[in-house]
Amino acid sequence: LETVRTAGQGLAADDKPVAGSIAKPYTHVSDWRTQLRQDMKIQVFVKGQPHYRCDEAESTLHYIPRYKEWWVSDHEVAARHERVGYINVVSGSERPPTSDEKLWELWANAPSNVWQDSPHVKVTLEGTPGQEDIRFCTDESTLKEHHPGFRGNAQKINGLFKKQPGGAWETRKVVKVNYKTRKITITNRAPYSYGYSYYSSHSYYGTTTMSLDDDNIRELLFADHDDDAETGDTAEIGLKLATGVAGLRNMGNTCFMNSVLQSLFALTSFVGRFADAAAVEKAINKNNFLGTGGKLARAFSALVRKYAARTGGVVERDGQLSAFKATLGNFAPVFAGFQQQDAMEFFNQFTSFIHEDLNRIKKKPYVEDLDDDGKASDSEMADESWRRFKLREDSMIVDLFQGQFRSHLTCPETGCGYESRRFDPFTAVACPLPKPEKKKKRKKIRFYSCAAIAGGVAESEECSSESKTNSS
């Protein structure tokens with residue numbers, strides 16, 4: 001579900017890192033390394049053997065050190081470094097020999113099954129000395145004429161093979177981060193998903209510890225969320241969100257995620273704020289290491305715009321929906337796989353990251369807890385507690401979702417009678433449905449709005465829902 005884009009300035013996907021070029025421009029925080037957590041994924045530059053690639057022929061020219069041989073074969077064969085291919089030559093040089101230096105050999109099954117040297121495979125060098133590309137020129141009819149029984153594909157050994165870097169960026173999983181010693185421990189193999197579970201390979205393949213400031217590591221960025229997202233007028237997108245609905249394709253056991261997202265899409269006062277990508281980008285808190293550096297906010301903004309574009313249809317799993325899940329899963333690995341999860345845990349984690357990404361407080365001050373002296377009224381204590389809370393936490397999540405719990409404790413000791421009141425913030429409230437008695441087939445459940453509770457619930461303001469026991 002994931003594709004990776006380079007996180008360094010001016011680096012191609014397989015380029016060797018350049019000192020000082022890692023963090024920018026794709027990270028929003030001053031140093032993406034401060035956001036690293038256990039089980040997150042990053043990329044590491046792994047040195048490899050020299051190889052060349054011909055995209056037109058879809059072939060690879062690679063070197064096998066064990067046998068000191070150069071082989072031309074398909075991509076998937078080259079990845080395993082097996083002695084299987086169309087042509088080969090024995091050479092201990094780090095550069096493939098030209099046909100003038102040494103004859104390449106090919107397989108022919110007539111008169112006998114043997115590898116035969118062929119002067120009809122022309123190999124030349126092109127480009128700057130020391131960085132040459134390799135040109136192969138072959139003609140199928142000529143090869144079959146001079147090598148009876150040749151049944152290879154001449155097109156696979158015909159074209160310009162361009163030199164590739166002696167290594168590649170590979171995905172690894174973070175096992176441990178020590179900011180005091182500036183060390184990071186990563187797996188020696190890439191993490192992978194199998195079936196519906198998310199597995200770590202560090203217990204079997206071992207780990208490697210390296211400097212946290214090493215230029216051979218870089219952050220993992222998923223595909224550009226805006227590649228095919230809706231880019232129309234913000235007012236038009238808002239109208240579609242308010243009046244239309246769309247389906248969300250399931251990606252395994254992701255019903256918990258889709259159900260929460262559909263509930264949020266129904267809240268236009270929330271999703272409407274993500275319709276404008278430029279406004280979201282401007283609102284990102286670039287100094288908050290507790291969030292995702294704005295990545296999840298950008299991914300959700302793209303998903304909201306894609307949802308608006310697909311009203312009346314379905315948002316497919318490829319694209320914005322999978323990119324959103326992959327981004328969240330990298331910062332909260334419990335959601336990285338495809339096993340079932342709790343919908344409320346997903347909502348809490350999602351809103352927490354969005355809150356930190358869009359927190360209007362750039363530098364959080366130290367704020368002391370409010371002590372109850374017994375003199376202030378509940379209303380005064382609630383107001384002061386909320387004021388202090390918003391000195392550190394202030395975002396659209398606070399505006400739309402958060403409230404306060406009032407807790408009142410009284411000392412049970414005889415003669416003491418000390419009382420303490422606290423007002424603590426919350427984002428969501430778990431409301432367990434009552435379990436009916438065995439003999440009763442129906443149970444009435446009443447829902448009250450906050451306004452109704454605050455003003456005293458009248459019978460006319462009451463909303464009730466009566467359903468069968470097995471569906472409650």
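The values are calculated or read from the model by the stated rules, or taken from the named source; none is laboratory data. Everything quoted here is computed from the prediction, not taken from an experiment. Heads up, the Cβs are rebuilt from the backbone with ideal geometry, glycines too, and the neighbour counts pull from every protein chain shown. What goes into the accessible areas is simple: the full protein's heavy atoms, side chains included, and nothing from ligands, DNA or RNA. Shrake-Rupley method; radii C 1.70, N 1.55, O 1.52, S 1.80 Å.
Structure values in brief
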item: Additional length obtainable on full extension of the chain from ASP399 to THR142, 0.36 nm per residue less Cα span; result: 84.9 nm
item: Segment ARG151-ASN188, length gained on full extension (0.36 nm per residue, minus Cα span); result: 9.3 nm
item: HIS147, HIS120, reordered so the largest accessible area comes first (probe 1.4 Å); result: HIS120, HIS147
item: By average C-beta atoms within 10 angstrom, highest first, the peptides 357-363, 403-409, 418-424; result: 357-363, 418-424, 403-409
item: Neighbour-limited loop hits for chymotrypsin sites (Phe, Trp or Tyr not before Pro), segment 317-374 (at most 11 other Cβ within 10 Å; DSSP other than H, G, I, E, B); result: TYR366
item: Gain in span if fully extended, LEU433 to THR124, counting 0.36 nm per residue against the direct Cα distance; result: 103.6 nm
item: Two-site label geometry, LYS162 and GLU101: point separation in nm, points 7 Å out along Cα→Cβ; result: 2.2 nm
item: Relative packing of 290-299, 58-67, which averages over residues the other C-beta atoms within 10 Å, highest first; result: 290-299, 58-67
item: Hypothetical label at ASN253: residues of segment 342-371 whose amide nitrogen lies under 16 Å (7 Å Cα-Cβ projection); result: 342-346
item: In nm, spacing of pseudo-spin labels at ARG406 and LEU290 (7 Å Cα→C-beta vector); result: 2.6 nm
item: Amide H within-cut-off set for SER91, under 5 Å, with H built and near neighbours excluded; result: GLU69, TRP70
item: Student exercise, segment 305-423 dipole from Lys, Arg, Asp, Glu Cβ charges, in Debye to nearest 20; result: 800 debye
item: Distance between segment 153-189 and segment 85-109 - C-alpha centres, whole angstrom; result: 27 Å
item: Relative contact order (%) - criterion: Cα under 8 Å, at least six apart; region: segment 133-180; result: 44 percent
item: Net charge, PHE331 excluded, C-beta distance under 9 Å - Lys, Arg +1, Asp, Glu -1; result: +2
item: Förster radius 35 Å - calculated FRET efficiency between ARG37 and GLU58, Cβ distance, rounded to 0.05; result: 0.35
item: Exposure rank, largest accessible area first [MET210, MET251; 1.4 Å]; result: MET210, MET251
item: Listed residue pairs exceeding 30 Å between alpha carbons, taken from LYS68/LYS162; LYS180/LYS286; LYS41/LYS362; LYS183/LYS362; LYS162/LYS295; result: LYS162/LYS295
item: Amide H contacts of ARG189 (H built 1.01 Å from N, under 5 Å, at least 5 apart or other chain); result: none
